Amino acid sequence: VQSRVSRFPQRQCAATTELRTIGLDIGNRQSHWTDMAWEGNAIGSVVDYGVMETHLQSQADDKAVELAILASLEIWAEEVAAKINPLLVLIDSGSGRGHTQAVYEFCRSRGAPFFPSKGWADSRFRVPQRAEGKEPFLEAWAHNLVEDRVWLYNINTEWWKRWLQQRFMTSPFDEGDNRADGSITLFNPGDDKKRHLSFAHHITAEEEQLIPVFGKESKRIWFVKNRNNHWLDATALACAAAGSVGVRL
C-alpha cells in the first residue's frame, strides 16, 4: 500500500479528475475519513485522509454522544465545503443510537452531498428486485427512510473492501508511465517515507481467506487481524460512493 504513490502532493489531484468522493467512519472519540479523486476506468487517488476528533467524557450517555458527534460533524463539514467539492459523501451511521441519530440529523440539516450509510456483510446484504432490462445493482443502493427523512445508502462492506484491496494490488502505472486502469494511489509524501505507514496498517487490517469446508467448496471468510481498521472502512465507503455515482472499471 505504501508503495502506491502518485506524483501529486497532499490535497492536489490530476487535471483529468472527474469527481471526488469521501467516506467517513464514525467513532465515539475519533472518526476517520478518506477523500478520493476519480478518473475514467476507476483510476482512484487518495488525495487526503485524516481524523475528525470528538470531545467526549468517558461515561457519556447516548444523548451526549449524539450531541458531541453532531457538533464535530458540523465543524468537519465546513472544512469539507471550503476545500473540496465532493459529488457524494457517505457517513457510516454506526451501530449505537447516539451515532445513528447524530448522523441522520446532520444529513437532514446539511443535505446533499452528505448521506448516511449502513454496512452489511456479504451474507446479509440484500437488494430489491430490479425491473427487467435495467442495469444490475452495484453492491450499494439507497432507500428513503420516511420517518427519519433521510436517504440511507446500504453498502456491502465486504465486497467494497475486497474491491479496494484489489485496486491497491494493481500496479498504478502502465509501461508508458500512465496511470493504469483500476488502480489506486496515495498522495506523494515527499521525504517522509513513513507518512502512510499507519494508513497502510488500517487498509490491511482485514484479510479475506479461503477456508475449506468439509464436503463443500472453500468458503470466503474475512479475518480481522488488527482492530485499527477505520481507514479501511472509510476508504471502502469512498469507493462505494464512487460506484454509486457511476465509477466503473
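The values are calculated or read from the model by the stated rules, or taken from the named source; none is laboratory data. Just so it is clear, the model here is predicted, and its values are computed rather than measured. Backbone-built Cβ (ideal geometry, glycine too); neighbour counts: all protein chains shown. Calculation scope for accessible area: heavy atoms of the full protein, side chains included, ligands and nucleic acids excluded. Shrake-Rupley method; radii C 1.70, N 1.55, O 1.52, S 1.80 Å.
Among the listed residues 181, 192, identify the single one that is of a type outside the set (A, V, I, L, M), closer than 18 Å to residue 40 by Cα and out of contact with any helix residue (DSSP H, G or I) (no Cβ under 8 Å at 6 or more places or on another chain). Spell out the reasoning first.
Details: 192 fails: closer than 18 Å to residue 40 by Cα.
Testing whether each residue is of a type outside the set (A, V, I, L, M), closer than 18 Å to residue 40 by Cα and out of contact with any helix residue (DSSP H, G or I) (no Cβ under 8 Å at 6 or more places or on another chain) leaves just 181.
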Find the residue count for the range 125-142, including only residues that are surrounded by 11 or more Cβ atoms within 10 Å (Cβ to Cβ) and either within 25 Å of residue 101 (Cα to Cα) or at pLDDT 90 or above (or both).
6
Is at least one residue of the range 203-226 aromatic (Phe, Trp, Tyr), in contact with a strand residue (DSSP E or B) (Cβ under 6 Å, 6 or more places away or on another chain) and farther than 17 Å from residue 4 by Cβ?
yes
Would you check if residue 90 is outside any loop (DSSP other than H, G, I, E, B), farther than 30 Å from residue 191 by Cα, out of contact with any Lys or Arg (no Cβ under 9 Å at 6 or more places or on another chain) and touching a residue at least 60 places away in the same chain (Cβ under 8 Å)?
yes
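When the residues of the range 97-123 are narrowed to those that are more than 19 Å from the chain's Cα centre (by Cα) and open to solvent by 10 Å² or more (accessible area, probe 1.4 Å), which ends up nearest to residue 149 (Cα to Cα)?
Of everything passing the filter in the range 97-123, 108 is nearest to residue 149 (Cα to Cα).
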Return the residue satisfying two criteria in turn: it lies in the range 169-200 and is closer than 18 Å to residue 238 by Cα and open to solvent by 50 Å² or more (accessible area, probe 1.4 Å), and of such residues it is farthest from the chain's Cα centre (by Cα).
181
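The rows are residues; the columns are (1) outside any helix (DSSP H, G or I); (2) over 25 Å from residue 21 (Cβ atoms).
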site	(1), (2)
166	no, no
171	yes, no
175	yes, yes
186	yes, no
193	yes, yes
208	yes, no
216	yes, yes
221	yes, yes
227	yes, yes
When residues of the range 201-239 are limited to those that are modelled with pLDDT of 95 or more and among the aliphatic types (A, V, I, L, M), the one farthest from the chain's Cα centre (by Cα):
205
Tabulated pairs, the range 224-235, first closer than 10 Å to residue 33 by Cα, second assigned to a loop (DSSP other than H, G, I, E, B) and open to solvent by less than 40 Å² (accessible area, probe 1.4 Å), C-beta under 7 angstrom, 6+ apart or interchain
230/27; 232/205
Members of the range 14-39 that are under 17 Å from residue 88 (Cα atoms), touching a Lys or Arg at 6+ places or on another chain (Cβ under 9 Å) and of a type outside the set (Asp, Glu)
36, 37, 38
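Within the range 10-87, considering only strands (runs of 3 or more DSSP E) that don't extend past its boundaries, which have at least 3 residues that are in contact (Cβ under 8 Å) with a residue 60 or more places away in the chain and open to solvent by 20 Å² or more (accessible area, probe 1.4 Å)?
Those strands (runs of 3 or more DSSP E) span 30-39.
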